[in-house]
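Notes follow the structure.
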Amino acid sequence: MPNEEIPLCPECRSADVIPILYGLPTSEAFEMEQQGKVWLGGCMIDAESSRWECTACGTTFANFHAERDTFFAAREQRQSQAQQAQPEENEQ
């Protein structure tokens, strides 16, 4: 998560957004929650679980299912572009 770009809240457009952590929290996770750096989402996670919480308005957003679909669509597009470029490279 350190290299991940933090999105704006889709509801209020605030930049006050923190990641939601899932799983059994460690003492470090509890400290980070107390500091307002993360939100603890519980032990259970599924495709509809949110990844981010806006601390300004409380909106949770960006579920794993939607991000997975976006990832695979982008990967398919890159593969298609690479396949289209191959004949041009072979002609040279």
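Could we say that Glu33 is modelled with pLDDT of 85 or more and surrounded by fewer than 10 Cβ atoms within 10 Å (Cβ to Cβ) here? Criteria not met by Glu33.
Considering region 42-56, the residues that are farther than 15 Å from Glu5 by Cα and within 14 Å of the chain's Cα centre (by Cα) include one that is modelled with the lowest pLDDT, namely Ala47.
Residue-level check: of (1) at pLDDT 90 or above; (2) aliphatic (A, V, I, L, M); (3) loosely packed, with under 10 Cβ neighbours inside 10 Å; (4) touching a Phe, Trp or Tyr at 6+ places or on another chain (Cβ under 9 Å), Leu24 misses just (4).
The values are calculated or read from the model by the stated rules, or taken from the named source; none is laboratory data. Since we're looking at a predicted model, the values are computed, not measured. Virtual Cβ from ideal backbone geometry, glycine too; neighbours counted across all protein chains shown.
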